[in-house]
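Below is one structure, written out as structure tokens; comments come after it.
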Amino acid sequence: MTAGRRIFQNIRALAAAKAATMASGLVTAAWTARVLGPDSFGVLGFGTSLMAYAALFVNMGLSTYAIREIARDRDQAARLSEHVLTLRTVLALIVGALYAAFILSLDKPMAVKAVLLVQAVQLLGNALVLDFVYQATEKMGVIATREIGTSIGSMLLVFLLVRGPEDAITAAAITGGSITVNALVMIGRFRRDFGTLRPRVDLKVWREILTAATPMAVGVFAWAIFTHLDVVMLGFLAPHTDVGWYSAAVKIQTLANLVGNIVMNAFLPQLAAAYGELGQMRDRMRAYASVMLAVGGLVVAGGLTLAPVILGTLFGDAYAPATLALRLLMLASAVVYANMILGNPLLVWHRQTGYMIAMLSGGALNALLNVWWIPRYGIEGAAMATFTAELAATVAIAWIHRRAVGELYGGIAARALLCAGMAIAAALALDRFAAPLFDRAPPLVHFVLGSVVMVAVYAAVAVLTGLVRPKRLRRLASATA
């Protein structure tokens with residue numbers, strides 16, 4: 001099978017999964033936000049962000065390391081998977097104990113602490129997830145099945161069991177429990193595909209793995225600073241209601257970035273396999289940048305323009321104060337797409353140290369800006385800090401990327417920007433023309449009509465400008481694996 005066909009089969013499988021998880025995630029988030037209210041939803045969002053940091057110390061860059069190694073030598077999939085799962089399980093137990101001690105030391109009500117402690121169940125689930133081996137061997141359908149099962153199961157349980165602010169603990173337990181159960185099911189699938197998993201303890205091998213994975217872990221940790229630090233710091237510096245508003249905006253931004261993650265995960269094994277062949281690296285990077293910028297331009301344009309109606313449709317009028325913060329976060333998403341294009345390939349091209357330094361520096365800047373801006377500007381300050389720090393890190397990563405392959409894809413980015421600008425102009429014209437209708441109709445009507453117009457205009461301009469080129473797709477499909 002050609003590299004292009006593998007990539008697009010990967011995209012198809014992951015897109016199906018993400019479409020299901022996105023739809024169920026939106027419904028779950030909207031239901032939870034409305035039922036719990038901004039205050040309890042803020043507690044849940046605060047805990048989710050804290051848990052994201054704890055989970056990083058469980059993974060320690062091991063998934064990225066395993067993807068890189070297995071993609072280049074699939075014969076070691078079973079052995080390396082045993083080492084990774086055993087090591088991550090040990091880390092989950094250690095991190096879980098430290099996390100519990102930290103939560104109990106916080107100056108928070110016991111009801112808040114209970115929610116935060118229950119969320120720690122996710123650590124075990126994250127330790128046991130085997131997505132990395134199926135991504136490296138390009139069996140994305142397995143990942144898709146797990147993600148669909150997790151998201152739909154969580155959604156149904158939330159509908160049945162979460163009815164009011166007093167059910168915040170139940171909502172936290174559902175998320176962690178669903179991840180863990182699906183991870184265990186996936187281990188059963190692994191047994192059929194690769195053999196029985198056994199605990200494997202070899203301190204020498206673990207030291208070698210951790211030495212190679214640590215720069216990746218630090219880089220991912222720095223990335224998490226951009227993704228979660230604002231919510232965590234708001235949890236300490238602002239009322240839970242503000243955290244609830246901001247968490248709603250972050251949920252939408254996360255879904256916007258999810259589209260880029262589909263493309264990135266589909267391309268990553270082939271980008272890893274091309275390492276060492278400059279011609280293949282450039283060819284696959286151009287294809288990767290084209291697809292990422294094409295989808296990213298539309299997603300960011302839609303989020304910027306339709307921010308108020310997206311919040312109104314999903315979360316209700318109570319979350320309207322998050323509109324400006326959401327627009328700022330969508331600008332940050334534009335930078336995130338550039339970062340995924342230029343930065344993530346560095347992790348599979350043995351340039352993780354440079355990526356780590358750039359992201360860590362940006363993360364430190366993000367922390368400083370959050371401390372400075374949150375007390376002054378609230379949730380908008382948190383969003384501005386994320387955007388500014390993300391931009392600074394991406395500029396540094398662009399310099400490293402250019403040294404690696406000699407290109408930055410400025411022409412492709414310019415076409416995507418033009419397409420986005422035309423789509424935004426069309427949506428603004430629609431707003432002006434249909435203002436009387438939108439004033440009377442629910443936000444959903446505005447959202448649907450605005451989305452249809454933006455997609456139609458964006459697609460037309462993308463073809464006219466060459467952002468979407470059949471020749472490039474054919475060239476990718478003819479590339480050898």
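The values are calculated or read from the model by the stated rules, or taken from the named source; none is laboratory data. Note that the structure is a prediction, hence the values are computed from the model and not measured. Don't worry about glycine lacking a Cβ; one is built from the backbone with ideal geometry, like all the others, and counts go over all protein chains shown. Only protein heavy atoms, including side chains, enter the accessible area calculation; ligands, DNA and RNA are left aside. Shrake-Rupley method; radii C 1.70, N 1.55, O 1.52, S 1.80 Å.
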### Summary
A careful count of residues in region 182-204 that are surrounded by 15 or more Cβ atoms within 10 Å (Cβ to Cβ) and of a type in the set (A, V, I, L, M, F, W, C) gives 6
### Query
In region 48-61, what residues are assigned to a helix (DSSP H, G or I) and under 17 Å from the mean Cα position of the chain (by Cα)?
THR48, SER49, LEU50, MET51, ALA52, TYR53, ALA54, ALA55, LEU56, ASN59
### Residues that are of a type outside the set (A, V, I, L, M) and open to solvent by less than 20 Å² (accessible area, probe 1.4 Å), drawn from region 319-343
TYR319, SER333, TYR337, ASN339, GLY343
### Query
Does ALA423 fit the bill of being of a type outside the set (Ser, Thr, Tyr) and within 17 Å of LEU293 (Cα to Cα)?
yes
### Message
Condition first: surrounded by fewer than 23 Cβ atoms within 10 Å (Cβ to Cβ) and either β-branched (Val, Ile, Thr) or under 20 Å from GLY235 (Cα atoms) (or both). Can you find one or more residues in region 344-352 that meet it?
### Response
no
### Query
How many residues are surrounded by 16 or more Cβ atoms within 10 Å (Cβ to Cβ) and either polar (S, T, N, Q) or without any contact (Cβ under 8 Å) to a residue 12 or more places away in the chain (or both) if we restrict to region 390-437?
1
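Residues checked against (1) open to solvent by 20 Å² or more (accessible area, probe 1.4 Å); (2) more than 25 Å from the chain's Cα centre (by Cα):
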{"residue": "ALA78", "(1), (2)": "yes, yes"}
{"residue": "HIS83", "(1), (2)": "no, yes"}
{"residue": "LEU87", "(1), (2)": "no, no"}
{"residue": "ALA101", "(1), (2)": "yes, yes"}
### Task
Starting from region 439-452, take each residue that is exposed (fewer than 15 other Cβ atoms within 10 Å of the Cβ) and list its partners that are of a type in the set (Ser, Thr, Tyr) and assigned to a helix (DSSP H, G or I), counting only C-beta distances under 7 angstrom and pairs at least six apart or across chains.
LEU444/THR313
#### Entry: Single residue of region 135-144 satisfying the filter (more than 18 Å from the chain's Cα centre (by Cα) and in a helix (DSSP H, G or I)) that is surrounded by the most Cβ atoms within 10 Å (Cβ to Cβ)
ALA136
### Summary
Among residues of region 114-133 being within 18 Å of the chain's Cα centre (by Cα) and without any contact (Cβ under 8 Å) to a residue 60 or more places away in the chain, the residue most open to solvent (accessible area, probe 1.4 Å) is VAL129
### Only one of VAL468, VAL463 that is open to solvent by 80 Å² or more (accessible area, probe 1.4 Å) and either modelled with pLDDT of 90 or more or among the hydrophobic types (A, V, I, L, M, F, W, C) (or both)
VAL463
### Query
Take the residues of region 359-373 that are open to solvent by less than 10 Å² (accessible area, probe 1.4 Å) and not polar (S, T, N, Q): which is nearest to ARG402 (Cα to Cα)?
MET359
### Message
Of the conditions (1) among the small types (Gly, Ala, Ser); (2) more than 22 Å from ILE187 (Cβ to Cβ); (3) buried (at least 18 other Cβ atoms within 10 Å of the Cβ); (4) without any contact (Cβ under 8 Å) to a residue 40 or more places away in the chain, ALA33 satisfies every one except a single condition; which number is it?
### Response
(4)
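Among the residues of region 256-266, is any polar (S, T, N, Q), assigned to a helix (DSSP H, G or I) and touching a Ser or Thr at 6+ places or on another chain (Cβ under 8 Å)?
Yes: region 256-266 contains one or more residues that are polar (S, T, N, Q), assigned to a helix (DSSP H, G or I) and touching a Ser or Thr at 6+ places or on another chain (Cβ under 8 Å).
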### Flag for PHE433 being within 17 Å of ALA334 (Cβ to Cβ) and of a type outside the set (D, E, K, R)
no
### Of all residues in region 64-114 being in a helix (DSSP H, G or I) and of a type in the set (Lys, Arg), the one that is nearest to ASN261 (Cα to Cα)
ARG68
### Query
Do the conditions hold for ALA168, that is, is it of a type in the set (A, V, I, L, M), buried (at least 16 other Cβ atoms within 10 Å of the Cβ), at pLDDT below 85 and closer than 22 Å to LEU44 by Cα?
yes
### Message
Being within 25 Å of the chain's Cα centre (by Cα) and in a helix (DSSP H, G or I) is the filter here; which residues of region 405-443 pass it?
### Response
GLY410, ILE412, ALA413, ALA414, ARG415, ALA416, LEU417, CYS419, ALA420, GLY421, ALA423, ILE424
